[in-house]
Amino acid sequence: MTSERFDAVVLGAGFAGLSAAAVLADRGCRVLVLEASSRLGGRAASFRDGATGEQVDNGQHVLFGCYHETRRFLDRIGAAGGLRVAADLDVVSVTPEGESTRFICPSLPPPFNLLAGVLEWRALAWRDRLAVLRLAGPLRLARRELLGGDVCATSAGETVTGWLTRHGQTARIRELLWDPLALAALNQSPDVAAAPTFVRALAMMTGSSCSDAAVALPLLPLRDLYAEPARRFIEARGGEVRLTTAGRLRLDQGRVVGVDAGAVRVETAVAISAVPWFALAGLFGDRPPEEMGMTCQNAGQMESSPIVTVNLWLDRPVLDRSFVGLPGRSMQWVFDKGQIFGGTASYLSLVSSGASDLTSASTDTLIALATDEIRSAFPAGVEAVITRATVVREPRATFSLAPGQPSRPGTETPLDGLFLAGDWTDTGLPATIEGAVQSGHLAAVATLAYLHVAG
Ligand SMILES: Cc1cc2nc3c(=O)[nH]c(=O)nc-3n(C[C@H](O)[C@H](O)[C@H](O)COP(=O)(O)OP(=O)(O)OC[C@H]3O[C@@H](n4cnc5c(N)ncnc54)[C@H](O)[C@@H]3O)c2cc1C
């Protein structure tokens, strides 16, 4: 077995691991990133489509203006130009009745932008529009809670639907606005997901700028948006990123002393675990040490929620904008990758979040469902011919936010030199890119303090 030495080792090269490693490399640490899979990016990755040669994402990723940590990460690695942040929230959807409708929030300070947008929204009757005013107070409270105030915007055990109903949101405004937003943000039905994470996400979206609520779309496949730029950034600063056999921690008397990666024995005083909840226990071999027993047990008991994506290559354009909401359907959003990537891609991506009913459906069934939903929502889709179709199933896309799930761990662990990152750690956010990057940055700061590096 050969032996090498690094200041810190990061296990896992998703958003969390790469953002942590980028901070460390930037601060002069010699960092090694180990990724067990054959590609970088984890649950936000791209692969080459066998037939067309295009880089296709494992699923459409939508960011928001309020993803401040993510934007800091992209800035750091010189990749901010790959993300287009809209000025305001501006979404077109096709209602379940087939009517196309546009929800646009004017450039007013939040939350007035959101309230004014709803009051102007013609798809809603006046009763439904006025209901939004009842959220002004709860949103202000949520904002205070987000900023550290000693208040609580939700009740114990309350679901998202429970919270919305308690604050007078009608069935129609939930159907057209809140349910699609909650499903997209939480990847779980609002009837099942607990309210606090959603309310926190809403508080972030109604932050200091109206662009906090605006959609931000990657203009490149995820590999080129962040994974490869991050690798280049880390390597240019003396670090390394290796696709290798899964990393295993070596401990001595409650302290990290190294990581084994295949035939290589790496000596290090710090390891950042940036693996998902279902992979944490595997870092310790047969059995986690006693100090990590409860954390690993909780992680192992976290439930997952799936996402199914259907990609359709058509013989003609069908959408007149880059994405459209399809509330009330199995596939809640459709994205025109050709318009988003500027012609380097030629397919539509249809996303089904919280897709536990669909994961076991056959590929043919899913393609037929997506085709039907496109044809019924868009007149141009009726005559369109599908030239190719693929399905991506991500059964463990996100962790469950249902009340009663095990608690999420913080950055620090009882082991000296081991820090945790990953969207599933206790950021208070749903399983999102922003949560992953926030956790990565926290783990990097903890590592720097541990190594006594100024900064
Ligand atoms: C289809 C889909 C759509 C999504 N859409 C959105 C969206 O629109 N907006 C949004 O904000 N979020 C979205 N998400 C969620 C987002 O992708 C995740 O929250 C985020 O990517 C998680 O990053 P992470 O670094 O915490 O974990 P991961 O991306 O899971 O990275 C962990 C990495 O650790 C590696 N690993 C595991 N074990 C080991 C080991 N022993 N040694 C070395 N490496 C190991 C894994 O291979 C993996 O690459 C979506 C997720 C999916 C799947």
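The values are calculated or read from the model by the stated rules, or taken from the named source; none is laboratory data. Bear in mind that the values here come from a model prediction, so they are computed numbers and not experimental data. Don't worry about glycine lacking a Cβ; one is built from the backbone with ideal geometry, like all the others, and counts go over all protein chains shown. Note: accessible area is taken over every heavy atom of the protein model, side chains too, but ligands, DNA and RNA are not part of it. Shrake-Rupley method; radii C 1.70, N 1.55, O 1.52, S 1.80 Å.
Descriptive notes on the structure:
- The condition of being charged (D, E, K, R), closer than 30 Å to Leu350 by Cα and either open to solvent by less than 20 Å² (accessible area, probe 1.4 Å) or assigned by TED's automatic domain parsing to the domain that holds Gly41 (or both) holds for only one of Arg231, Arg265, that being Arg231.
- Scoring Gly428 on the criteria (1) more than 12 Å from the ligand (Cβ to nearest atom); (2) at pLDDT 95 or above; (3) of a type outside the set (Lys, Arg) leaves a single failure, condition (2).
- Qualifying positions in the range 305-328 - outside any strand (DSSP E or B) and touching a Pro at 6+ places or on another chain (Cβ under 7 Å): Pro327, Gly328
- Residue list for the range 4-36, restricted to those being open to solvent by 10 Å² or more (accessible area, probe 1.4 Å), part of a loop (DSSP other than H, G, I, E, B) and more than 9 Å from the ligand (Cβ to nearest atom): Asp7, Arg27, Gly28, Arg30
- Members of the range 37-85 found to be more than 11 Å from the ligand (Cβ to nearest atom), in contact with a Ser or Thr (Cβ under 6 Å, 6 or more places away or on another chain) and among the polar types (S, T, N, Q), listed by number: Gln55
- When residues of the range 356-393 are limited to those that are hydroxyl-bearing (Ser, Thr, Tyr) and closer than 22 Å to Glu97 by Cβ, the one nearest to the chain's Cα centre (by Cα): Thr371
- Answer residue from the range 46-77, given it is touching a Phe, Trp or Tyr at 6+ places or on another chain (Cβ under 9 Å) and part of a loop (DSSP other than H, G, I, E, B) and is surrounded by the fewest Cβ atoms within 10 Å (Cβ to Cβ) among those: Ala51
- All positions within the range 122-153 that are open to solvent by less than 20 Å² (accessible area, probe 1.4 Å) and in contact with a strand residue (DSSP E or B) (Cβ under 8 Å, 6 or more places away or on another chain): Ala123
- Options Leu429, Leu418: the member that is in contact (Cβ under 8 Å) with a residue 24 or more places away in the chain, open to solvent by less than 10 Å² (accessible area, probe 1.4 Å) and over 30 Å from Ala355 (Cβ atoms): Leu418
- Output for the range 370-415, where each listed residue is part of a helix (DSSP H, G or I) and surrounded by fewer than 18 Cβ atoms within 10 Å (Cβ to Cβ): Asp372, Arg375, Ser376, Pro379, Ala380
- Summed over the range 166-219, residues that are of a type in the set (Ser, Thr, Tyr) and in contact with a Gly (Cβ under 9 Å, 6 or more places away or on another chain) total 4.
- Every pair of residues 6+ apart whose Cβ atoms lie under 9 Å, when the first sits in the range 133-159 and is under 16 Å from Pro403 (Cβ atoms) while the second is of a type in the set (Val, Ile, Thr) and open to solvent by 20 Å² or more (accessible area, probe 1.4 Å): Thr159/Val192
- Strands (runs of 3 or more DSSP E) contained in the range 184-265 and holding at least 1 residues at pLDDT below 95 and within 30 Å of Pro289 (Cβ to Cβ): 247-252, 255-261
- For the residues Val85, Val118, Val56, the requirement of being closer than 21 Å to Glu434 by Cα and β-branched (Val, Ile, Thr) singles out Val85.
- Flag for Ala271 being part of a strand (DSSP E or B) and within 28 Å of the chain's Cα centre (by Cα): yes
- Hits in the range 234-262 - residues which are open to solvent by 30 Å² or more (accessible area, probe 1.4 Å), within 12 Å of the ligand (Cβ to nearest atom) and of a type in the set (A, V, I, L, M, F, W, C): Leu243, Ala246
- Residue in the range 237-247 that is basic (Lys, Arg) and under 30 Å from Glu412 (Cβ atoms) present: yes
- Out of Phe323, Phe278, Phe341, sole residue that is within 30 Å of Gly98 (Cβ to Cβ), modelled with pLDDT of 95 or more, surrounded by fewer than 24 Cβ atoms within 10 Å (Cβ to Cβ) and under 20 Å from the mean Cα position of the chain (by Cα): Phe323
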